[in-house]
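Comments concern the structure below.
The values are calculated or read from the model by the stated rules, or taken from the named source; none is laboratory data. Bear in mind the structure is a predicted one, so any value in this text is a computation, not a measurement. Note that each Cβ is placed from the backbone with ideal geometry, even for glycine, and that neighbours are counted across all protein chains shown.
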Amino acid sequence: MISHKWAKQIKSLHLKKNRKAEQQFIVEGEKAVLEVLASGWRVPALFATEGFLQQHPEAIQTALQVHTCSSEDLVKVGTFTSNDAALALVSMPQWPSFQATPEQWTLVLDNINDPGNLGTIIRIADWYGIQHILCSANTADCYNPKVVAAAKGSFLRVQLHYLALPEVLANSHLPVYGAYLGGENIHQLSLTKPGGFIVLGNEANGISKEVGQCISRKITIPAFGDAESLNVGIAAAIICDNLQRLTAAGELGYTEAN
């Protein structure tokens, strides 16, 4: 059973203001909890079913406190509709200040406010080896339970930085690629050198005017049908795939564009 005190604390972390104040967030489900336990991140408390504890005796040793509870208890305090494994209370990491690295891609999210989309983009970044994502202040909180669930453990490997985007982009010497409905065809794009910023805009309104002033190259995913637009997570995957493909070609010795 989860005590009233712990239940109150866990439920409070459903809200951004409380996560920020406590510098803690929750991770739910067997796979994600096992990943966070193995990551070296600080886990002040673990709440798990007897079955989970018996199956993973070594993994749970990294948690500072371990509490046995039922799956019904986990559902009551968490956000999942079913959870027969575990829920972890996790301390937020303190990432170093962001420093752009030449020949590395960095995703930039301008007011991506859907938690599911943000979690998907974090997972995509992890898949394509992108280690940093820059976020505007009004982008969804990366420790929102829905973001953590959608990221599938990738939040452990991708660093998110909430910064004033126009200032960061304007002061960088790296190219800034912006995703627009009109721009250079991503399938025909040529690069003089790999790396830079990839800017994705709000799901409904696109890239803001302030951030748009920092874009050095507008790119687009060509449409072959009549759909009005693409989901931002799908767009991120297509763009990352094409840019990483071009990067790999460059590493194999492609010629620079004229």
Output the number of residues of the stretch 4-13 satisfying the condition of being surrounded by fewer than 16 Cβ atoms within 10 Å (Cβ to Cβ) and in contact (Cβ under 8 Å) with a residue 12 or more places away in the chain. 1
Any idea how many residues of the stretch 20-34 are in contact (Cβ under 8 Å) with a residue 24 or more places away in the chain and either surrounded by 20 or more Cβ atoms within 10 Å (Cβ to Cβ) or of a type outside the set (D, E, K, R) (or both)? 10
In the stretch 121-153, what residues are polar (S, T, N, Q) and crowded, with 20+ Cβ neighbours inside 10 Å? Ser136, Thr139, Asn144
Examine the stretch 158-180 for a residue that is more than 30 Å from Pro93 (Cα to Cα), surrounded by fewer than 17 Cβ atoms within 10 Å (Cβ to Cβ) and touching a Phe, Trp or Tyr at 6+ places or on another chain (Cβ under 9 Å), and state whether such a residue exists. no
Restricting to the stretch 70-114, give me the number of residues that are buried (at least 21 other Cβ atoms within 10 Å of the Cβ) and over 14 Å from Phe47 (Cα atoms). 8
Trp95 passes all but one of the listed conditions (1) out of contact with any His (no Cβ under 8 Å at 6 or more places or on another chain); (2) modelled with pLDDT under 95; (3) of a type outside the set (Ser, Thr, Tyr); the exception is number (1)
